[in-house]
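Here the structure is laid out as structure tokens; the discussion comes afterwards.
The values are calculated or read from the model by the stated rules, or taken from the named source; none is laboratory data. For clarity, every value in this text was computed on a predicted model and none was experimentally measured. Here Cβ is always computed from backbone atoms with ideal geometry, including for glycine, and neighbour counts include all displayed protein chains. Keep in mind that these areas ignore ligands, DNA and RNA; they rest on the heavy atoms of the full protein, side chains included. Shrake-Rupley method; radii C 1.70, N 1.55, O 1.52, S 1.80 Å.
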Amino acid sequence: MSIHPTAIIDPRAEIHSEADIGPYVVIDGPVRVGARTRVLPHATLTGWTEIGTDNVIHMGAVVGHTPQDLAFTGEESYARLGDRNVIREHVQIHRGTKPGSATVIGDDNYLMNNAHVAHNCRIGNRVIIANGALLGGYVEVDDLTFVSGNCVVHQFVRIGRLAMLRGLSRTSRDVPPFCIMDGTHTVRGLNRVGLRRAGFTSAQVHALQRAFTRLFRRATNLSAAVDELEAGECSAEVRQLIAFIRASKRGVCMGPRQAGAVPEES
């Protein structure tokens, strides 16, 4: 174990013997740091935070601090990070707000400079959250999602698998899987580049494109469009899209006001 002599380590902390703790790091509380995780200078880990293996936490990042919630009463709550995550400079990840609750980040994620992950968010695997993006409390981000720079996501919003939020966009509605969103909770088309990189076949992409057209490019009620789509033959990915829409409590993003006016590729 390498712990720089200027680091301040709480005696309650559990630091794996293969972890690397850099200069002026502060670890305050019963924090757990896994094998081969590197914590770079001036980072702060606090509270009941659990960090897995092979993570890199960069300068000035704050992980596990108290939530920005007026209802927070100081009870024990958690921040849990999986393995192989990269947490870049000045990222903030806050722990849960209700007693016993947790903010959870999975594996192989990349959080860029100044990204903010609020209390009780749940981030899946292989997610990219770019510079300055803000996730409100209880936001759920599914696997392989890309949240571009300076996006703003309202509390309790769900973002589906392989969705992409374009830079400076904002949403207070759920973002369906496989789609590109920009502006104010408006989906423009499929995330074709992301789908291709994820190994989707042409047939899978074409099935999703037909479903997207029915759902978001026709002047019809979304519930009726979902019923119509579900009545036909659906691929597994289209069924996942339908299930996501049916499960929404906030409503999902709207389609473009002028169909075809914006290109569908990222």
TODO: For residue 197, work out the one condition from (1) open to solvent by 20 Å² or more (accessible area, probe 1.4 Å); (2) farther than 17 Å from residue 127 by Cα it doesn't fulfil.
DONE: (2)
Open item on the list: Considering only the range 181-199, I want to know if a residue exists there that is among the hydrophobic types (A, V, I, L, M, F, W, C) and over 21 Å from residue 145 (Cα atoms).
Closed with: no
Task: Index of the failed condition, residue 1 passing every other in (1) open to solvent by 50 Å² or more (accessible area, probe 1.4 Å); (2) modelled with pLDDT of 95 or more - done: (2)
Task: Residue count for the range 135-184, restricted to those that are more than 17 Å from residue 247 (Cα to Cα) and part of a loop (DSSP other than H, G, I, E, B) - done: 16
Task: Single condition residue 10 does not satisfy, out of (1) open to solvent by less than 50 Å² (accessible area, probe 1.4 Å); (2) in contact (Cβ under 8 Å) with a residue 40 or more places away in the chain; (3) not small (Gly, Ala, Ser) - done: (2)
TODO: Taking the residues in the range 207-225 that are touching a helix residue (DSSP H, G or I) at 6+ places or on another chain (Cβ under 6 Å) and within 19 Å of residue 250 (Cα to Cα) as candidates, determine which candidate is surrounded by the fewest Cβ atoms within 10 Å (Cβ to Cβ).
DONE: 225
Task: Filter pass, residue 90 being closer than 20 Å to residue 159 by Cα, out of contact with any helix residue (DSSP H, G or I) (no Cβ under 7 Å at 6 or more places or on another chain), assigned to a loop (DSSP other than H, G, I, E, B) and open to solvent by 10 Å² or more (accessible area, probe 1.4 Å) - done: no
